[in-house]
Amino acid sequence: MAEPVLIVGATGLIGNLLVRKLIADGRDDGLHLLVRKPLDSDYGAATIHVASTEQWSDIIADAKAVRTVSCLGSTMKKAGSKEAFAAVDRDLVGAVAKAAKAAGVRQFIAVSSTMANAQASQFYLKVKGQAEELMRAQQFDRLDIIRPGLLRGERTDDARLGESLAIIASPLMDRLLHGSLRRYRSIDGREVASAIAALLTEDAAGDNIYENDEIWKWADREIA
């Protein structure tokens, strides 16, 4: 039996693509999905846990996963307020990381955002940076923080007009971003999912950050 892997946030863009990839690759044995609402699709051999966030710590403990992936994330529009946004993207992510550490998880992977910084003046980036600090505080054997640029892909959970317009313009904008600015280029959600799938096979200890160039390298490794 494969070592248990837990994915939190499996219904979002990256989470759903990651789950689909693992299933397609025959890596769903020992896969656990933690969600707040029932899923209406076939998720292979994966074990699906449906529970309110108040119960998540107990479920994370029971899953006994060796590796945990957080694909949690919201938007200001969807959350409705700064407080509600921070409650998910910082507080809930931090709570999942804390519960995972207490459960003995060795590797924790999380999707964050380019330019995440706990000292940022921009609220979104500040919250993402604070979430990263909460993850680092757990001192996992291995922590992998994914910081993609503008994500391309079909979202089923919410519509983001601003992002949609940016994605339309991304082929032109991407060609203008070189050097250190490559981190701001758009990136396909499937590439991010492939990179995470590759990272789930790594055992070396460390605290790692992956921006676009590193994500593409790991995605290519998984595809190869």
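Structure above, values below:
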item: Of all residues in the stretch 123-150 being at pLDDT 95 or above and in a loop (DSSP other than H, G, I, E, B), the one that is most open to solvent (accessible area, probe 1.4 Å); result: Gln139
item: Scope the stretch 22-48; condition open to solvent by 50 Å² or more (accessible area, probe 1.4 Å), of a type in the set (D, E, K, R) and within 22 Å of Ser194 (Cβ to Cβ); matching residues; result: Asp25, Arg27, Asp29, Asp42
item: Enumeration of residues in the stretch 192-224 that are part of a loop (DSSP other than H, G, I, E, B), open to solvent by 70 Å² or more (accessible area, probe 1.4 Å) and of a type outside the set (A, V, I, L, M, F, W, C); result: Thr201, Asp203
item: Filtered residues of the stretch 100-119 (kept if over 13 Å from Asp89 (Cβ atoms) and either modelled with pLDDT under 95 or among the aliphatic types (A, V, I, L, M) (or both)); result: Ala100, Ala102, Ala103, Val105, Ile109, Thr114, Met115
item: Residue list for the stretch 27-43, restricted to those being in contact with a Gly (Cβ under 9 Å, 6 or more places away or on another chain) and not charged (D, E, K, R); result: Leu31, Leu33, Leu34, Val35
item: Residue identified as part of a loop (DSSP other than H, G, I, E, B) and closer than 20 Å to Leu143 by Cα among Leu18, Leu72, Leu39, Leu33; result: Leu72
item: The stretch 49-97: number of residues that are more than 23 Å from Ala198 (Cα to Cα), open to solvent by 20 Å² or more (accessible area, probe 1.4 Å), more than 16 Å from the chain's Cα centre (by Cα) and not aliphatic (A, V, I, L, M); result: 14
item: Whichever residue in the stretch 98-108 is assigned to a loop (DSSP other than H, G, I, E, B) and aliphatic (A, V, I, L, M) and, among such residues, is least open to solvent (accessible area, probe 1.4 Å); result: Val105
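The values are calculated or read from the model by the stated rules, or taken from the named source; none is laboratory data. Predicted model, so just to flag it, every value in this text is computed and none were measured. Cβ atoms come from the backbone with ideal geometry, glycine included; neighbour counts cover every protein chain shown. Accessible surface is based on the protein model in full, side chains and every heavy atom, while ligands, DNA and RNA are left aside. Shrake-Rupley method; radii C 1.70, N 1.55, O 1.52, S 1.80 Å.
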